[in-house]
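Structure first, then comments.
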Amino acid sequence: FTLLLFSTHYNSTCPFHHYSTYVLHHTNTGNMARGNHICMSILWILILIFLVWPLAAFVSFLWILLQPFEDCCRAFRSINHFLERIVTWPREFGKAISRGNESCPQP
């Protein structure tokens, strides 16, 4: 819908006869999409609290333990790279929450 708000007409004795018009434009689809984004953000918050944070906390312990051995073996380097992506996964959820993304953030 489109909403037009008109301010009052200035007194005719005023040298400037102004009509102020403010246009506020909203579309129904925009409002529905905004509601959908809020629902997705709530879903991402719940998944973040109950799944992603506990997983990242557990994996961060392993990630720290394997850090010194990264230089010794290539396998540890690739494992640590994967664990680092899991540890930083909450950051991606934060971005998805603020944007209201419909797709699940990938680690």
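The values are calculated or read from the model by the stated rules, or taken from the named source; none is laboratory data. Given the structure is predicted, the values throughout are model-derived calculations rather than measurements. A quick note on method: Cβ atoms are made from the backbone with ideal geometry, for glycine too, and the neighbour counts reach across all protein chains shown. All accessible areas refer to the heavy atoms of the entire protein, side chains included, with ligands and DNA or RNA removed. Shrake-Rupley method; radii C 1.70, N 1.55, O 1.52, S 1.80 Å.
Quick one: count up the residues across segment 86-103 that are in a loop (DSSP other than H, G, I, E, B), open to solvent by 60 Å² or more (accessible area, probe 1.4 Å) and not small (Gly, Ala, Ser). Number satisfying all stated conditions: 1. Filtered by the rule that a residue be surrounded by 12 or more Cβ atoms within 10 Å (Cβ to Cβ) and not hydrophobic (A, V, I, L, M, F, W, C), segment 35-85 gives Asn36, His37, Ser41, Ser60, Gln67, Glu70, Arg77, Asn80, Glu84, Arg85.
Residue pairs whose Cβ atoms lie under 8 Å apart, separated by 6 or more positions or on different chains, with the first residue in segment 79-104 and at positive phi and the second of a type outside the set (Lys, Arg), are Gly100/Asn36; Gly100/His37; Gly100/Ile38; Gly100/Met40; Gly100/Ser41.
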